[in-house]
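Shown next, in structure tokens, is the structure this report addresses.
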Amino acid sequence: MPLIKQFALICITLFLSACVEDLAPENKDLRKDSSFEIQISENFSISTTDGDTLNLDDELASYDAVVLYFTMWCSTCSAHMDEIDAKQDDYPNVKFLMVDFVSGSISQSKNSQRDNAYNHMTTLVDNNDLLQDRYKGKMASTIIINSQHEILFNEVYKSLLYEKLDAL
């Protein structure tokens, strides 16, 4: 019996440590090739947890920018998403989108979204790693794409995000 408890403790510790791997992020661009001053994002279409398909071109036709936030539904991501949620009204011309890159299916992603009380936020289901591969997304990666498809920000979440949005 003690062996089972030790094993369970080790598993829980490993699981929890995966969510806090980057609590002190550095100013590091996450894109594959960040040697260019301006990079352009290609259009994409991706499923949402509502079963709809979201198209980047359509969103950028309606908003000055789109913000993508990569979530693992952990406590760190929850804290970031709470802050994003609280600040959305300050940026009415910016579309904030959560990117679930870990759940694997629309139904699993919808369950994670519901279980974490984020039903009111648009969540993209990156079950084919389209966005994760394109933007080198990982836990708490945050991307700003302006209406000209320029990638203005691609870093781990931090308050600098709002400085960039204020400059739009």
- Points 7 angstrom from Cα along the Cβ direction at ASP50 and ASN93: gap in nanometres? 2.3
- Could you give the nm distance between label points at ASP166 and ALA86, where each point is 7 Å from its Cα heading toward the beta carbon? 1.6
- If amide H atoms are modeled at 1.01 Å from N in the peptide plane, then the residues at a separation of 5 or more from GLN39, or on another chain, having amide H under 5 Å from its own are ILE151
- Query: Can you work out ³J(HN,Hα) from phi for every residue in the stretch 61-71, in order, using Karplus 6.51 cos²θ - 1.76 cosθ + 1.60 and θ = phi - 60°, giving whole Hz and x for Gly and Pro?
  - Reply: 6, 9, 10, 6, 7, 10, 10, 9, 10, 8, 10
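Using the heavy atoms of the protein chains and a 1.4 angstrom probe, tell me the accessible area per residue for the stretch 40-115 in square angstrom.
Normalised by residue count, the accessible surface of the stretch 40-115 is 45 Å².
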- Here the convex hull volume per residue of the stretch 68-157, taken over Cα atoms and given in Å³, is 90
- Query: Hey, how much of the P(r) for the stretch 35-117 falls beyond 18 Å, as a percent of Cα pairs?
  - Reply: 50
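The values are calculated or read from the model by the stated rules, or taken from the named source; none is laboratory data. Keep in mind that what you see is a predicted model, and the values were worked out from it rather than measured. Reconstructed Cβ throughout: ideal geometry from the backbone, glycine too, with neighbour counts over all protein chains shown. SASA here: full protein model, heavy atoms, side chains in, ligands and nucleic acids out. Shrake-Rupley method; radii C 1.70, N 1.55, O 1.52, S 1.80 Å.
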